[in-house]
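The values are calculated or read from the model by the stated rules, or taken from the named source; none is laboratory data. Remember, predicted model here, so these are calculated numbers, not experimental data. In this analysis, Cβ positions are derived from the backbone assuming ideal geometry, glycine residues included, and neighbour counts consider all displayed protein chains.
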Amino acid sequence: MTSHDRIKAALEFRELDSIPITETAVWPDTLVRWHSEELPEGVDVRDYFRLDRISAIRAFDCSLTNVFPHTIYEETDDYVIDRNGYGVKVKYLKHHYATHIELDHAVKEHADWTRCKGALDVSDRRMATGFVEQSQEARQKGDFISLNPMDFFWFTFVMLGTENFMIQMAADPDFIHDIFETYTDFLMEMLKRTVATAIEWDAIWFYSDMAYRNGPLFSPKHYREFLLPRYRRVREFCDKHGKFLLLHTDGNVEEFMPCFIESGFNAVQPLEARAGNDVRVYKPKYGSDICFFGNISADVLATGDKEKIEEEVGTKVTVAKQEGGYIYHSDHSIPPTVSFESFSFAIECARKYGKYV
């Protein structure tokens, strides 16, 4: 049974031998810790734990580098301040795995966008090198393959910054509609070019953080006004080509769950437990309409308490796996607070409770 087979079955609400068990993000500092414990050097975590493999392909560039070329303003032994391809001035710490600090945004209002939007050109120059070969190699390994382009939401989020983006949704909705529609037009054309290359792939996977610990960053009403029409365009493209549509979004997403279903997403990930998401609650409500992907608390894994870890994994997997539609994953990523032993035990529990036959 390949990773492709198992993940595809989960997304189609079919039961095979067991649920898919995967992990897509282990912090660099976590690997340092695990290598000091039991993980051999030079070994892929996915292979060591026999996890289902997902290969992410970035087939094309979604940035505005032809208007905002990479520029370094300051660099020391500890940090670098530069401008990225979205016109954002950013400070990165060199020796710590931490969220970057956004210092300024070149695009702040509609007039700024009007001046640079023409740079979002549909062009072969944007196509990545070697992505077709990468996809073919992944398929030979039996991987599930996702295309991971930016969607219109995350493009705007990055370019404007969180606070200004949320303000402009209310203050100048035409501005946001203009960005969303312009970018979605661009995205659809670039996806067509990607398909024309005969790349091996199974899903489009968008990474767009729309919520925080207490709930969504904006209302379901605004979701349906701004986001729903554009996601439906992507859904139609996926339907035409027989592909899945996946969404990663942090925070508490309970209010948005009906919106995700209306948009046509096949799965939502990672369902942060620390933000209040609980697959044991969501499965009875929405489990026949959308696949749940994640929700295993890294905070619980970090306790090192095997009784708590088994309860976390066992109770959630037992409920979520019913009639298919569940993929095992942490509720975000694996930080260095999680020991090698705790992670190993959690995977053992996932295999124990995730069996169908």
- Query: Right, LEU228: assigned by TED's automatic domain parsing to the domain that holds PHE165, out of contact with any strand residue (DSSP E or B) (no Cβ under 8 Å at 6 or more places or on another chain) and of a type in the set (A, V, I, L, M) or not?
  - Reply: yes
- Go through ALA98, ALA106, ALA111, ALA119 for me and flag whichever is without any contact (Cβ under 8 Å) to a residue 60 or more places away in the chain, surrounded by fewer than 13 Cβ atoms within 10 Å (Cβ to Cβ) and more than 21 Å from the chain's Cα centre (by Cα). ALA111
- Item | Filtered residues of segment 139-153 (kept if of a type outside the set (D, E, K, R), closer than 30 Å to THR2 by Cβ and either in a helix (DSSP H, G or I) or modelled with pLDDT under 95 (or both)) | GLN140
- Task: Mind checking which helices (runs of 4 or more DSSP H) fall wholly inside segment 1-93 and carry at least 1 residues that are farther than 24 Å from GLN134 by Cβ and of a type in the set (Asp, Glu)?
- Result: 28-37
- Which of the residues spanning segment 293-313 are of a type outside the set (Val, Ile, Thr) and in a helix (DSSP H, G or I)? ALA298, ASP299, LEU301, ALA302, LYS306, GLU307, LYS308, GLU310, GLU311, GLU312
- Is it the case that some residue within segment 314-325 is outside any helix (DSSP H, G or I), crowded, with 22+ Cβ neighbours inside 10 Å, in the same structural domain as ILE261 (by TED's automatic domain parsing) and not β-branched (Val, Ile, Thr)? yes
- Task: Please tell me if TYR207 is surrounded by fewer than 16 Cβ atoms within 10 Å (Cβ to Cβ) and of a type outside the set (Gly, Ala, Ser).
- Result: no
- Query: Just to be sure, is ARG53 buried (at least 16 other Cβ atoms within 10 Å of the Cβ), assigned by TED's automatic domain parsing to the domain that holds ALA346 and more than 22 Å from the chain's Cα centre (by Cα)?
  - Reply: no
